[in-house]
1. How many residues does the range 312-324 hold that are outside any strand (DSSP E or B), crowded, with 21+ Cβ neighbours inside 10 Å and touching a helix residue (DSSP H, G or I) at 6+ places or on another chain (Cβ under 8 Å)?
2. All but one of (1) open to solvent by 50 Å² or more (accessible area, probe 1.4 Å); (2) touching a helix residue (DSSP H, G or I) at 6+ places or on another chain (Cβ under 6 Å); (3) of a type in the set (S, T, N, Q) hold for GLN386, so report the exception by its number.
3. Quick one: count up the residues across the range 325-343 that are assigned to a strand (DSSP E or B) and open to solvent by 20 Å² or more (accessible area, probe 1.4 Å).
4. Would you confirm, using the coordinates I've provided, whether TYR286 is at pLDDT 95 or above and more than 26 Å from ILE394 (Cα to Cα)?
5. Consider only pairs whose beta carbons are under 7 Å apart and that are at least six residues apart or on different chains; among these, list those whose first residue lies in the range 187-204 and is modelled with pLDDT under 90 and whose second residue is assigned to a helix (DSSP H, G or I) and surrounded by fewer than 18 Cβ atoms within 10 Å (Cβ to Cβ).
6. Out of the residues in the range 173-186 meeting the condition of being modelled with pLDDT under 90 and within 18 Å of PRO465 (Cβ to Cβ), tell me which one is most open to solvent (accessible area, probe 1.4 Å).
7. Name the residues in the range 138-152 that are modelled with pLDDT of 95 or more and of a type outside the set (A, V, I, L, M, F, W, C), would you?
8. So ARG370 clears everything in (1) out of contact with any helix residue (DSSP H, G or I) (no Cβ under 7 Å at 6 or more places or on another chain); (2) exposed (fewer than 14 other Cβ atoms within 10 Å of the Cβ) except one condition, right? Which one?
Amino acid sequence: MTKKEDKRRKINILPKSKGLSIAVLAVVFIQELFLFLMMMLDILPAKYAALLIVIFLLVDFGLLKLMNTRKKITNKRLVGLILSVAVVNVLLLGCSYLYNTLDTMENISADGRQTEDYHVIVLEESKYENVKEIEGQTVAVLDTESKMYTEAKERLLTKVEVTYQTEADVLTVGEHLINAEGKMKDEIIFLSNANYQILKEENKAFRRNTRVLYSIPVAVKSDDFAKRINVTEDPFNIFISGVDTRGDISEVSRSDVNMLVTVNPETREILLTSIPRDSYVELHSYGMMDKLTHSGIFGVDETIKTVEDWLEVDINYYFRVNFKMLVSLVDAIGGITVDVPRAFSSTYWNYSYVEGKNQLDGGAALAFVRERKNLEDEDEERGRNQQRVLKAIINKVTSSKVILTNYTDILNAVESQMETNMSNKDMSSLVKMQLNDMSKWKIRSISIDGDAAEKGTYSMGPRKPLFVSVPRPESVEAAKTEIHKVMYPVQGGKNEETSN
């Protein structure tokens, strides 16, 4: 053998066998794809990324060593081929996880657009079967300057010619179908889905004896009101809004679960502050008193700004979830364990909870967080139950076994049932921070208490007082103090910028 031939043989690093060469190239390609997706996701700390690259190089070297033997027939080549297939399959699974994670993060990132359905509503026994049949009729609508209502009314007129009769409040609009005494009128009304749900909640006859004849979806784009900071260094607040819809998460709806999550990444402390859904507060944009849950009718940004005004805090981000997600997520992680202080039964579902530890599936968890009437402190205790479920989910999800075995199910559970204005970069930064040192977090819970009362609300009007929870001033002040202590522990709960 000449020196030239010997040199050519030495620099040929791929196996001479075509099949073995393809196997090695497949391993290298899938490694590159995995690293690319990992870089896009950006959740792996630098020390782990470097270790991963070293492992890949060692794997490549080992496979080449096994399959580049000079002998024509050897068990080493077969072992190398089997290992190559195994490596490719494992990395393909990893790539699938990474791609699904990227896709889920993209899907839950809110684009600032919410939708609201506006309904033409008639009696259940009405003669009208389709919207064309109301041609020339009078339709009762709400007297409001809402751009969404205006657009909905204009779009209805493109379908059918009607005359609008405006009324001052939702209750008066509803009385065009059913009055306070339960007498029914064969008239027509036009309301947003949120207002319609309020009427059905407050009037059983309205719930039983009306139906939607026609619906118009209206989309409204909100400005990005996130207050972005360095989430790995600076304290921040997240507002969790649980909406009472099982449809698309982008639908405008009442905010039934209201929880402020205060996070301090430096001290690794999280404070969960539950706010009763019926808290009687002043709406940010309207300067009128209403239930906090009704603020969701005007969009999630109205809820956020109302809470900011009330508690005197900046809310950096929000997570908006619906009840379907809770059921899917709890089932996806194989159920949760919740410690119940007092036994009770669900009012509307066939679930009972014993004092002590309870194993809950998705349906039982949903009934648990929605129950109010059979609880001693009603709405306040319901808020504490919501905190118990959230803690149980966090504890279960942080189990490595659950993450590995149920990862795809978890992603599917949240993908279309949650939205947030937290950027993908911020979410990735938090994950990377946690993976870097795996520090434990201290989680505390508080709640804002209130006194039951009946008062007029902006959304329903002054004629019909609704049940509300009037926040106790001392409870509100205590919550403010605890929130600021978590955010600014060095200053004793005071922000240096605002205290000077």
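The values are calculated or read from the model by the stated rules, or taken from the named source; none is laboratory data. Remember, it's a predicted structure, so these values are computed and weren't measured experimentally. All Cβ positions, even for glycine, are placed from backbone atoms using ideal geometry, and neighbour counts span all protein chains on display. These accessible areas exclude ligands, DNA and RNA; they are computed on the full protein's heavy atoms, side chains included. Shrake-Rupley method; radii C 1.70, N 1.55, O 1.52, S 1.80 Å.
1. Residues in the range 312-324 being outside any strand (DSSP E or B), crowded, with 21+ Cβ neighbours inside 10 Å and touching a helix residue (DSSP H, G or I) at 6+ places or on another chain (Cβ under 8 Å): 1 in total.
2. GLN386 satisfies all of (1) open to solvent by 50 Å² or more (accessible area, probe 1.4 Å); (2) touching a helix residue (DSSP H, G or I) at 6+ places or on another chain (Cβ under 6 Å); (3) of a type in the set (S, T, N, Q) except (1).
3. The total comes to 2.
4. For TYR286, the condition - at pLDDT 95 or above and more than 26 Å from ILE394 (Cα to Cα) - is not met.
5. LYS200/ARG207
6. GLU181
7. Once the filter is applied, which keeps residues that are modelled with pLDDT of 95 or more and of a type outside the set (A, V, I, L, M, F, W, C), the range 138-152 yields only THR138.
8. Unmet condition: (2).
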